[in-house]
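Working notes for the structure below.
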Amino acid sequence: MSKNLVIVESPAKAQTIEKYLGSDFTVLASVGHIRKDTKVDKNTFDVTYEVDPGHKNIIADLKKAAKEADKVWLATDEDREGEAISWHLCEVLGLPKDTARITFHEITKPALEAAIKAPRVVDMDMVASQQARQTLDMLVGFNLSGVVRKKVPGAISAGRVQSPALRLIVEREQSIEKFASKYTYKVSGDFGFAANLDHDFDNENDVKAFLNKLIGAEYTVNAVETAPSERKPQPPFTTASMQIEANAKLGYSAKTTMQAAQALYQAGHITYHRTDSLNLSKQAIATISGYVESNYGKKYVKVRNFKTKDASAQEAHEAIRPTHIEVETAGKNDYEKRLYALIRARALATQMADAQLEKTTIKVTTPTEYFFEGKGEVVTFDGFLKVYGRIKDSELPKLTVGDRLTAASIIAKQNYAKPPARYTEGSLVKKLEELGIGRPSTYATIMTAIQARGYVEKGESEGEEREIIQFKLENGQISEEKVTEKFGANKGKLLPTPIGELIAAFLVDHFKNIVDYKFTANIEKELDLIAEAKLDRVKMLRDFYGPFNADVNASEGIERYNNARLLGHDPETGKAIYAKVGKNGGFIQLGDNEKETGEKPRFAPLPKRKSVKTVTLDQALKQLALPQLPRILGTAKDGAEIIAASGPFGPYLKAGKYNIPLKDFDPYTVTLEEAEPLYEAKRDSYIADWGEIQIINGAYGPYVKGPGRRNFARIPKDVDPKTVTKEQAEEYLTNKPKATRRPAKRTKKSAKK
């Protein structure tokens, strides 16, 4: 064993660090938290911890290594979570209180050497803050989850930070449902360049009257205005802005972004990825600006310092940037490489000159009091746009005041006002950050939690088509036509499910503080104060838990929360029709409950994009008129009966022995002709089938599936899966690599030593 033992959280991080520290250092990993909180005393708020069973062997390895080493260094992450892990290591490994604690913002040789020269001890104020956050989440999660499971059908759990995020999504959906989409007529002209009229019309008659005045009209350039402008680069990435930009430019979810960033950090490619600081070190600024000058020229350099506006920014010392700006590509897969390229371009742009633009506006007179206005923009010096972002030039022709113009066509098109935009993961992160809810390390967890619980889902619709009216003046003639446009696209947007809407309404009615934005943000501020030794942990917890516990106790008297709506009665049978929410989501019910009437009611799903609150009686009747599921579609060419059905995991086809998810079709309307290719594709994916053992061609290549769940084995790339026998398949299953524990493993370099 080396003289020095360094303990980090991650094996990947351990490997990177050991490369830089030399033969006197061995680096081992705790593999995250080694203890978990199991119980909280609700009077003293003392927490009982237990060693995680999966970490017993890891702890044994760490204890042995600590005894053999001359000195132990705790090098967990520099945020509160990392500080708490270091404290747990001290407690469990029996390390003295003055054990060296080191932090660094990047995994590079200079940063590590500087950290070794300036050790400190574990910051117990930061630990107290982390414990307070953990205790809060446990108290809220346990107590509130128990309440919602009893009172809200379909509810699984509720969390302290996830609940306000869910409320945001639900309230946005409600504002969309209430939005009355009015239209106006927008007029544009083709004068060799596009120009828009400075006035919109409310109705067809006014549009026609205006266009009639333009028949045979002459157009004159009334004004040409040219003005310089500039565009500045944005600050370097924080965790939130990185997630927002990666979602917008790369289509990454918050979870994907953080996983890629974590891997880049642990490999030493970028600085610490959980930060709300905009600061760049002097050395980083000098290195980046020097790189810009040597690669693009001195005129592209503009040195900038960014300061964090939010006083609560405390998790880190620097923004996210590459550790070596000269490295153009980094990462072990495409996700990491694309994110690294985005981080690098953003960091370079911060030390580059503003982009210089020239904006031109041309005003064109008409025989009326209104005028057309054409706008153009040309980049005269690209500056930071050379590496980050592009602007498409829209150059206008060279014209002077008094020039006469001819209109090739004038078009007046019906234009519907758009409702508020639904949140994407990126825009929701931005909103949470604005409200002060959550912290850099929690955004990805929030996004994952609300979707995993079935409270929110990502939309898949490309939109619906609607007809709009368009009037066109061309060659002295006015024509009217109907054209189609798409509206209501929700692909990639966050949509609340009926259960999500129900839970949000329940919490607003009975646990106002939990979903109150200011209240939640204030808790984050109080956690910061604990970390700064300005607020006592127990006082903060007591002030929170008293009112919260009173709400929990009061909830015992609340009736089961359903928000069921009586929509009306069926014209044929006179039976009541309800919109309800159950454990699998929203539905329509014809007839009262069987216990009351002795007759089983009929059910149908809610129409798409409708909730219990917004569905109408007519829409419900149409849903009830749909055929009952399961429905037989017919027989496939090989004789297999194909059935459309719906289950807990959504609609599917049952064909022979296969269950096939129906992603792009409605089980109520899908035809045999549409279903048969799905069955054939599923059947063709089975290369061999011996009952309990099968060879399947999956998304990642051929594999063997054995009896039971999660019993899979890969087929070697050099083996033709069509030649594999049943005996060979059994052998692959028998000899497949076994799932191994994650030990506090020495890197290869240490093992050799």
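Observations on the structure shown:
- Residue 408 being out of contact with any strand residue (DSSP E or B) (no Cβ under 8 Å at 6 or more places or on another chain) and either among the hydrophobic types (A, V, I, L, M, F, W, C) or closer than 30 Å to residue 207 by Cβ (or both): no
- Considering each residue of segment 614-623 in turn, at least one proves to be within 25 Å of residue 458 (Cα to Cα), at pLDDT 85 or above, polar (S, T, N, Q) and assigned to a loop (DSSP other than H, G, I, E, B).
- Verdict on residue 735 being touching a helix residue (DSSP H, G or I) at 6+ places or on another chain (Cβ under 8 Å) and surrounded by fewer than 17 Cβ atoms within 10 Å (Cβ to Cβ): no
- Segment 539-558 - residue that is touching a residue at least 40 places away in the same chain (Cβ under 8 Å) and surrounded by fewer than 16 Cβ atoms within 10 Å (Cβ to Cβ) and, of those, nearest to residue 142 (Cα to Cα): 549
- Any hit, segment 134-145, residues being in the same structural domain as residue 49 (by TED's automatic domain parsing), out of contact with any Leu (no Cβ under 8 Å at 6 or more places or on another chain) and either surrounded by 22 or more Cβ atoms within 10 Å (Cβ to Cβ) or in a helix (DSSP H, G or I) (or both): no
- Selection of segment 350-369 for residues being part of a loop (DSSP other than H, G, I, E, B) and out of contact with any Asp or Glu (no Cβ under 6 Å at 6 or more places or on another chain) yields 351, 353, 366, 367, 368, 369.
- Looking across 165, 128, one residue alone is under 30 Å from residue 584 (Cα atoms), touching a helix residue (DSSP H, G or I) at 6+ places or on another chain (Cβ under 8 Å) and hydrophobic (A, V, I, L, M, F, W, C). It is 165.
- Pairing residues of segment 59-73 that are free of Cβ contacts under 8 Å to residues at least 40 places away in the same chain and in the same structural domain as residue 100 (by TED's automatic domain parsing) with residues that are surrounded by fewer than 17 Cβ atoms within 10 Å (Cβ to Cβ) and outside any strand (DSSP E or B), at Cβ distances under 8 Å and at least 6 apart in sequence or on separate chains, gives 63/94.
- One residue from 704, 670 being touching a Leu at 6+ places or on another chain (Cβ under 8 Å), of a type outside the set (S, T, N, Q) and under 25 Å from residue 644 (Cβ atoms): 670
- Every residue from segment 1-34 that is of a type in the set (D, E, K, R), in a helix (DSSP H, G or I) and either buried (at least 21 other Cβ atoms within 10 Å of the Cβ) or in contact with an Asp or Glu (Cβ under 7 Å, 6 or more places away or on another chain) (or both): 13, 18
- Any chance residue 578 is of a type in the set (Ser, Thr, Tyr), assigned to a strand (DSSP E or B) and crowded, with 16+ Cβ neighbours inside 10 Å: yes
- Any hit, segment 59-68, residues being within 18 Å of residue 100 (Cβ to Cβ) and of a type in the set (Gly, Ala, Ser): yes
- Entry remark, segment 365-396: residues being within 30 Å of residue 213 (Cβ to Cβ) and touching a Gly at 6+ places or on another chain (Cβ under 7 Å) number 3 in total.
- Where strands (runs of 3 or more DSSP E) sit wholly within segment 627-684, those with at least 2 residues that are touching a Gly at 6+ places or on another chain (Cβ under 9 Å) occupy 641-647, 658-661.
- Unique residue being in contact with a helix residue (DSSP H, G or I) (Cβ under 6 Å, 6 or more places away or on another chain) and at pLDDT below 80 when the list is 740, 747: 747
- Unique residue being under 27 Å from residue 333 (Cα atoms) and acidic (Asp, Glu) when the list is 245, 230, 225: 245
- Selected residue (only one of 402, 389, 383, 476 is over 21 Å from the mean Cα position of the chain (by Cα) and closer than 27 Å to residue 205 by Cβ): 476
- Screening 714, 709 for residues that are more than 16 Å from residue 644 (Cβ to Cβ), out of contact with any Phe, Trp or Tyr (no Cβ under 7 Å at 6 or more places or on another chain) and of a type in the set (D, E, K, R) leaves exactly one candidate, 709.
- Residues in segment 510-538 that are more than 15 Å from residue 130 (Cα to Cα) and not aromatic (Phe, Trp, Tyr): 510, 512, 513, 514, 515, 516, 518, 520, 521, 522.
- For segment 200-214, the criterion of being within 13 Å of residue 372 (Cα to Cα), modelled with pLDDT of 95 or more and surrounded by fewer than 17 Cβ atoms within 10 Å (Cβ to Cβ) is met by at least one residue.
- In segment 524-540, the residues that are touching a Leu at 6+ places or on another chain (Cβ under 7 Å) and aliphatic (A, V, I, L, M): 529, 535
- Test: residue in segment 311-324 that is β-branched (Val, Ile, Thr), under 30 Å from residue 129 (Cα atoms) and outside any loop (DSSP other than H, G, I, E, B): yes
- Within segment 657-677, the residues that satisfy the criterion of being in contact (Cβ under 8 Å) with a residue 24 or more places away in the chain and surrounded by 15 or more Cβ atoms within 10 Å (Cβ to Cβ) are 658, 667, 668, 670, 675, 676.
- A residue that is more than 33 Å from the chain's Cα centre (by Cα) and at pLDDT below 95 occurs nowhere in segment 74-85.
- When the criteria are applied in full, residue 120 meets the requirement of being within 30 Å of residue 537 (Cβ to Cβ) and exposed (fewer than 14 other Cβ atoms within 10 Å of the Cβ).
- Total residues in segment 657-697, condition closer than 30 Å to residue 624 by Cβ and among the polar types (S, T, N, Q): 3
- Residues satisfying the stated conditions in segment 373-419, i.e. in a loop (DSSP other than H, G, I, E, B) and surrounded by 13 or more Cβ atoms within 10 Å (Cβ to Cβ): 382, 387, 388, 389, 391, 396, 397, 399, 403, 407, 419
- In segment 163-183 there is at least one residue matching the filter, namely being farther than 30 Å from residue 397 by Cα, over 21 Å from the mean Cα position of the chain (by Cα) and part of a strand (DSSP E or B).
- Which listed residue, of 719, 704, is without any contact (Cβ under 8 Å) to a residue 40 or more places away in the chain, of a type in the set (Val, Ile, Thr), loosely packed, with under 15 Cβ neighbours inside 10 Å and over 30 Å from residue 585 (Cα atoms): 719
The values are calculated or read from the model by the stated rules, or taken from the named source; none is laboratory data. Values in this document were obtained by computation on a predicted structure and should not be read as measured data. FYI the Cβ positions are ideal-geometry reconstructions off the backbone, even for glycines, and counts take in every protein chain you see.
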